[in-house]
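Scroll down for the structure; my scribbles are underneath it.
The values are calculated or read from the model by the stated rules, or taken from the named source; none is laboratory data. These figures come from a predicted structure and were not determined experimentally. We place every Cβ from the backbone using ideal geometry, glycine too, and count neighbours over all the protein chains shown. Accessible surface is based on the protein model in full, side chains and every heavy atom, while ligands, DNA and RNA are left aside. Shrake-Rupley method; radii C 1.70, N 1.55, O 1.52, S 1.80 Å.
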Amino acid sequence: PSPIATGQLRIDPGRRVLDATPADRVGALLGTQLFGLRADEATEVLAAVAEAGGEGDLDEDPFAAHAPVVPLRSGGPSTDNLFTDDFSTADLSTHDASGPWPEPSPSPPPNRNRDGPAERPITVRMFGHFEVAVHGEAVVTGLRSRARDVFAWCLLRPEGATSDEAVDALWPDTAPGRVHGQFWRSFSDLRARLREAGGDDLEVLAKAGEHYRPCADEIACDLWEFQAALGEAARTDDPEVARAALRRAVEVYRGDFLVGTDRPWIEPVRQDLHRRSLDAHLRLAELEEQTGCPDAAVEVLEQAIARDRYAEEPYRRLMVLHAAHGRPGAVSDVWRLLQGRLGELDLDVETATANLYRQLTADPERRPDPDRVRLPR
């Protein structure tokens, strides 16, 4: 009943119209079945209508009653550094928490165990081109760019972030009054598309206090696998454990972070992960050599060179390794390859690398023991 109603419908639990009055106005609906929306679905539709009509923002969190809520750990998100000086190129202990790349928690994400990644309905690949799959089926259409952006940004922060932080990083020009709606419209697009592929009970983000973080019980992410592997390698004193962990890290890094996607917040992350991958290759090569597997070490260094054509450190280590095992021809091959690659950029080989090559290819009586050669860093 309402003073502004033009008619009234009486429906059964299946939303079929049993009675329609007055008949001259709404009688045509008698016997039809009405289309229905849940509260959260209606909110998503109204958000899209509001955006299209420029009617401003949502005033409250439309999914507060529906999204899973998890307790926030005491002390807030962890920014502990996973990496040691053994194979880290940067001291990130003074990292600005407002920047684009917070340090992950020292504990592996929930989707990781020593026997391999657990099965999750959502699989995300962030190394190489961004790929999302639900129950093994790739989501190749219907996912808007803003939904992809908010998903990737949140996956970088498994400990959680606020909606204000997300919008400030992804869409810094958003008017203050539209920040909340910008985040929720993007998330609504993401959740609706993934639920379309995987079912209405699929959740993407969980709320922890004022933070929203990826649902690790639903998501398997190669970035998390990479971080967990590096963390395990950094914390162990067992060379075999470190070697196995570094192998996993090298294997999961199938390309630079979000190849083909250019956003201001992506490039610092991409560079940092690239350096960490290169360090992992170099450390793994050291361990392979120390455990009597020189051919495996050569393969790892060649992989590192394939990942970064212009970084001289892998070339230097590969030349020393070949020299140590009596392969002077291979040393020269690596040297010529480096010269050719840098020549593509009109660059000269660093003096330290040139001096190293001359030492390794000098007259045998003057040649130093390769095991005693001090590599320039």
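Does ASP217 qualify as being in contact (Cβ under 8 Å) with a residue 12 or more places away in the chain, outside any helix (DSSP H, G or I) and either in contact with a strand residue (DSSP E or B) (Cβ under 9 Å, 6 or more places away or on another chain) or open to solvent by 20 Å² or more (accessible area, probe 1.4 Å) (or both)? Yes: the conditions hold for ASP217. Residues in the range 252-275 that are assigned to a helix (DSSP H, G or I) and more than 14 Å from the chain's Cα centre (by Cα): 1 in all. All but one of (1) touching a strand residue (DSSP E or B) at 6+ places or on another chain (Cβ under 8 Å); (2) under 23 Å from LEU284 (Cα atoms) hold for LEU202; state the number of the condition that does not hold. Answer for LEU202: the failing condition is (2). Can you find a residue in the range 255-272 that is over 25 Å from LEU170 (Cα atoms) and of a type in the set (D, E, K, R)? Within the range 255-272 (the criterion being over 25 Å from LEU170 (Cα atoms) and of a type in the set (D, E, K, R)), the answer is no, since none of the residues qualifies. Taking the range 36-48 as the range and being at pLDDT below 80 and open to solvent by 50 Å² or more (accessible area, probe 1.4 Å) as the test, the residues that pass are ARG38, ALA39, GLU41, VAL45, LEU46, ALA48. Summed over the range 274-309, residues that are within 21 Å of ARG327 (Cβ to Cβ) and of a type in the set (D, E, K, R) total 6.
To keep it simple, each residue is scored yes or no on (1) surrounded by 12 or more Cβ atoms within 10 Å (Cβ to Cβ); (2) modelled with pLDDT under 95; (3) aromatic (Phe, Trp, Tyr).
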| site | (1), (2), (3) |
| --- | --- |
| ARG276 | yes, no, no |
| ALA285 | yes, no, no |
| THR291 | yes, yes, no |
| GLU302 | yes, no, no |
| ASP333 | yes, no, no |
| PRO364 | no, yes, no |
| VAL373 | yes, yes, no |
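Of all the numbered requirements in (1) open to solvent by 60 Å² or more (accessible area, probe 1.4 Å); (2) modelled with pLDDT under 95; (3) not charged (D, E, K, R), THR261 misses one, and that requirement is (1). Of all the residues in the range 312-331, those that are without any contact (Cβ under 8 Å) to a residue 40 or more places away in the chain and either surrounded by fewer than 17 Cβ atoms within 10 Å (Cβ to Cβ) or more than 35 Å from the chain's Cα centre (by Cα) (or both) number 8. Listed by first and then second residue, the pairs with beta-carbon distance under 7 Å, at least 6 apart or on different chains, first residue in the range 8-35 and open to solvent by less than 100 Å² (accessible area, probe 1.4 Å) and hydroxyl-bearing (Ser, Thr, Tyr), second outside any strand (DSSP E or B) and at pLDDT below 90, are THR21/GLY7. Only one of (1) touching an Asp or Glu at 6+ places or on another chain (Cβ under 7 Å); (2) modelled with pLDDT under 95 fails for ALA169. Which number is that? Going through the list (1) touching an Asp or Glu at 6+ places or on another chain (Cβ under 7 Å); (2) modelled with pLDDT under 95, ALA169 breaks only (1). Looking only at the range 188-204, residues that are over 15 Å from VAL132 (Cα atoms) and under 21 Å from the mean Cα position of the chain (by Cα) come to 1 in all. Look through GLU55, GLU60, GLU51 and report the one residue that is open to solvent by less than 90 Å² (accessible area, probe 1.4 Å) and either on the phi < 0 side of the Ramachandran plot or modelled with pLDDT under 70 (or both). Going through GLU55, GLU60, GLU51 in turn, just one is open to solvent by less than 90 Å² (accessible area, probe 1.4 Å) and either on the phi < 0 side of the Ramachandran plot or modelled with pLDDT under 70 (or both): GLU51.
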